[in-house]
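**Q** If you scroll down you'll find the structure; I have some questions about it.
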Amino acid sequence: MKTIWIIVFFFCISLFTYLGLRLKSEAPQPSLSVQPDLHNTRTTNKSSLTLLTEHSPPGAYLDASGLVKGKTVELIKIISRRLGEKTSVDVLAWARALELTKTQANMALFETIKSEERKDLFHWVGPLKIYDIALYGREDNITLPLSPNIIATKLVACANRGSSYVDYLQELGFKIGSNLVLTVNEDNCGKLMIQGKVDLAPYNEQSIEAMAAKLDPQITLIPVLPLSQISLYLAFSKDISEERVGQWQQALEQSYRDGTMRKLYSGTYNEKLISRLEALVNNRP
């Protein structure tokens with residue numbers, strides 16, 4: 001009899017232990033809240049950006065393997081990483097890139113002139129470059145000096161379709177379809193000028209230096225008519241918040257202060273351009 005009660009006692013203990021463990025396992029568990037990473041709050045609410053540019057070495061171009069390269073591209077990628085931004089860069093024909101940035105969300109375009117026509121279409125960060133622009137021609141085809149009226153009526157000019165250069169040339173008196181040829185990029189204008197199919201094309205001092213290095217030594221390009229000094233910018237689509245654009249502006253200016261831009265541009269761009277950009281931030285009170 002005593003043995004039976006001992007067996008019953010241990011059976012009850014085992015049963016109660018089993019039921020207790022089962023109830024505990026089936027009870028609702030408190031949810032584990034995921035705490036946000038405060039170091040990455042800059043990117044959690046931001047859409048990725050598509051950055052558009054044209055083939056314009058040494059600032060931006062496609063290399064032999066189809067990858068987007070260039071000094072301006074590198075600088076923008078550095079700024080993007082510092083801001084924790086997710087970006088991609090595509091090279092398109094200029095007119096197409098300009099239209100997409102005007103009509104699509106989460107876009108940015110570089111390097112573009114902040115013209116009167118465009119200034120209200122985008123949010124602006126820059127300048128990325130400051131250049132002197134002139135009309136250039138082949139020395140063996142041009143007899144200087146020439147008046148602006150003779151230049152605009154007797155010579156044929158070329159410009160990149162959709163660029164602000166087209167406006168400059170039309171203001172001088174050149175007419176599309178008559179003596180103003182439009183191409184998809186500035187390299188094509190250079191080729192047409194070398195071939196003798198056009199007389200003039202607008203270039204900054206950096207572009208003309210790069211072109212001269214590739215020319216037959218028998219061909220010399222000379223400035224025919226100064227146009228203006230221009231500043232080139234990064235233009236964001238209007239859906240991008242002003243706060244976000246302001247962060248890009250601050251990061252760009254910081255790259256001018258801390259030597260990042262100088263280190264990247266030295267050996268590719270001349271000292272005048274680099275010093276102009278540094279002066280923008282160093283001369284402020």
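**Q** Could you tell me which numbered condition E117 fails, if it satisfies all but one of (1) without any contact (Cβ under 8 Å) to a residue 40 or more places away in the chain; (2) out of contact with any Lys or Arg (no Cβ under 8 Å at 6 or more places or on another chain); (3) on the phi < 0 side of the Ramachandran plot?
**A** (1)
Rundown of residues vs (1) among the β-branched types (V, I, T); (2) touching a strand residue (DSSP E or B) at 6+ places or on another chain (Cβ under 6 Å); (3) outside the structural domain of H123 (by TED's automatic domain parsing), yes/no style:
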{"site": "M211", "(1), (2), (3)": "no, no, yes"}
{"site": "L215", "(1), (2), (3)": "no, no, yes"}
{"site": "D239", "(1), (2), (3)": "no, no, no"}
{"site": "V245", "(1), (2), (3)": "yes, yes, no"}
{"site": "W248", "(1), (2), (3)": "no, yes, no"}
{"site": "S266", "(1), (2), (3)": "no, no, no"}
{"site": "I274", "(1), (2), (3)": "yes, no, no"}
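**Q** For segment 100-112, enumerate the residues that are over 17 Å from E85 (Cα atoms) and crowded, with 21+ Cβ neighbours inside 10 Å.
**A** Once the filter is applied, which keeps residues that are over 17 Å from E85 (Cα atoms) and crowded, with 21+ Cβ neighbours inside 10 Å, segment 100-112 yields T101, E111, T112.
**Q** If you don't mind, there's one more thing I want to ask. Given the condition closer than 30 Å to D120 by Cβ, in the same structural domain as S56 (by TED's automatic domain parsing) and touching a helix residue (DSSP H, G or I) at 6+ places or on another chain (Cβ under 6 Å), answer yes or no: does some residue in segment 176-183 qualify?
**A** no
**Q** Determine if segment 170-178 includes at least one residue that is under 15 Å from W94 (Cα atoms), among the acidic types (D, E) and either part of a helix (DSSP H, G or I) or over 21 Å from the mean Cα position of the chain (by Cα) (or both).
**A** No, that holds for no residue.
**Q** Where residues in segment 134-155 are assigned to a strand (DSSP E or B) and of a type outside the set (S, T, Y), which of them is nearest to R257 (Cα to Cα)?
**A** So, considering only residues that are assigned to a strand (DSSP E or B) and of a type outside the set (S, T, Y), the one nearest to R257 (Cα to Cα) is A134.
**Q** Separate question: Within the group A279, A210, which residue is closer than 19 Å to V73 by Cβ, part of a helix (DSSP H, G or I) and among the small types (G, A, S)?
**A** Of the residues listed, the single one that is closer than 19 Å to V73 by Cβ, part of a helix (DSSP H, G or I) and among the small types (G, A, S) is A210.
**Q** Quick one: which helices (runs of 4 or more DSSP H) lie wholly within segment 37-133 and hold at least 1 residues that are not assigned by TED's automatic domain parsing to the domain that holds S266?
**A** It comes to 41-44.
**Q** Can you tell me which of L200, L252, L221, L155 is in the same structural domain as R96 (by TED's automatic domain parsing) and touching a Gly at 6+ places or on another chain (Cβ under 8 Å)?
**A** It is L252.
**Q** Moving to a separate point now. Got at least one residue in segment 267-281 being modelled with pLDDT of 95 or more, closer than 22 Å to T87 by Cβ and more than 17 Å from the chain's Cα centre (by Cα)?
**A** Within segment 267-281, none of the residues are modelled with pLDDT of 95 or more, closer than 22 Å to T87 by Cβ and more than 17 Å from the chain's Cα centre (by Cα).
**Q** Between a residue in segment 248-265 that is modelled with pLDDT of 95 or more and any residue that is of a type in the set (S, T, N, Q), which pairs come within a Cβ distance under 7 Å, given they are 6 or more apart or on different chains?
**A** M261/S255
**Q** Of the residues in segment 162-181, how many are closer than 30 Å to L62 by Cα and surrounded by 18 or more Cβ atoms within 10 Å (Cβ to Cβ)?
**A** Within segment 162-181, residues that are closer than 30 Å to L62 by Cα and surrounded by 18 or more Cβ atoms within 10 Å (Cβ to Cβ) number 9.
Residue-by-condition table, conditions (1) modelled with pLDDT of 95 or more; (2) under 19 Å from I230 (Cβ atoms); (3) under 27 Å from the mean Cα position of the chain (by Cα); (4) not aliphatic (A, V, I, L, M):
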residue: P148; (1), (2), (3), (4): no, yes, no, yes
residue: V166; (1), (2), (3), (4): no, yes, yes, no
residue: V181; (1), (2), (3), (4): yes, no, yes, no
residue: E186; (1), (2), (3), (4): no, yes, yes, yes
residue: G190; (1), (2), (3), (4): no, yes, yes, yes
residue: N204; (1), (2), (3), (4): no, yes, yes, yes
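The values are calculated or read from the model by the stated rules, or taken from the named source; none is laboratory data. Since we're looking at a predicted model, the values are computed, not measured. Note that each Cβ is placed from the backbone with ideal geometry, even for glycine, and that neighbours are counted across all protein chains shown.
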